[in-house]
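Q: Questions regarding the structure given below will be posed in turn.
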Amino acid sequence: MTKNALILCCDSAFFALAKGTVLSLRDHDFSAYHLDICFIDIGLEEHERQWLRDRNVIIKPYDDIRVFESLPPYFKNYNKSQVIRPFLPKIFPGYDVYMWSDTDIWFQKAEGVTRFLDFARDYAPKIAIVPTVDTSYQQLNYAHFRDENYG
């Protein structure tokens, strides 16, 4: 039986989006996948942390994570969320598969998660890095739109 963690991270500025992500995950049944939603708090307020706890999200405050001796003083919260990703197994030990998701994702179908988890389980101990390109990234999509006569 594989134990899985889906990890989110943000501060208060992006918490409204994170709520949407958590709610979209809670819309689906992942019980067969033994999936925990985990959250790295890089600057939430107490009521936001409570909202997560009320939905059984496992929270780790960034200040309690000891993966670096020190970070440059100019590091902002966004930078913190970038540099901690390789350390997810140290931050949340005991999982077989770790899946990172940005907090502006709304999971429309369970397959958005289950296919990744199945692939990661079946091809362990490899790592899957899956970049996403949203249609709003026009500079990356213009060639496609031009080729397809969309405008």
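The values are calculated or read from the model by the stated rules, or taken from the named source; none is laboratory data. Given the structure is predicted, the values throughout are model-derived calculations rather than measurements. For neighbour counting, all protein chains shown are included, and Cβ atoms are generated from backbone atoms with ideal geometry for every residue, glycine included. The area values use the complete protein model at the heavy-atom level, side chains included, leaving out ligands, DNA and RNA. Shrake-Rupley method; radii C 1.70, N 1.55, O 1.52, S 1.80 Å.
Q: If I go through segment 21-37 residue by residue, how many of them are assigned to a helix (DSSP H, G or I) and open to solvent by 10 Å² or more (accessible area, probe 1.4 Å)?
A: Here is the first cut: in segment 21-37, the residues assigned to a helix (DSSP H, G or I) are 21-26, 31-33.
Still in the list and also open to solvent by 10 Å² or more (accessible area, probe 1.4 Å): 23, 26, 31-33.
Within segment 21-37, residues that are assigned to a helix (DSSP H, G or I) and open to solvent by 10 Å² or more (accessible area, probe 1.4 Å) number 5.
Q: What residue, of P86, P73, is under 16 Å from the mean Cα position of the chain (by Cα) and either at pLDDT below 85 or buried (at least 16 other Cβ atoms within 10 Å of the Cβ) (or both)? Spell out how you get there, then give the answer.
A: Working: P73 fails: under 16 Å from the mean Cα position of the chain (by Cα).
Among P86, P73, only P86 is under 16 Å from the mean Cα position of the chain (by Cα) and either at pLDDT below 85 or buried (at least 16 other Cβ atoms within 10 Å of the Cβ) (or both).
Q: Looking at the structure I just gave you, is I65 open to solvent by less than 60 Å² (accessible area, probe 1.4 Å), more than 16 Å from the chain's Cα centre (by Cα) and within 25 Å of K3 (Cβ to Cβ)?
A: Here the answer is yes, as I65 does meet what is asked.
Q: Going through F107, F87, F75 one at a time, which residue ends up being outside any loop (DSSP other than H, G, I, E, B) and aromatic (F, W, Y)?
A: Values: F107 fails: outside any loop (DSSP other than H, G, I, E, B); F75 fails: outside any loop (DSSP other than H, G, I, E, B).
Selected residue: F87, the only one of F107, F87, F75 that is outside any loop (DSSP other than H, G, I, E, B) and aromatic (F, W, Y).
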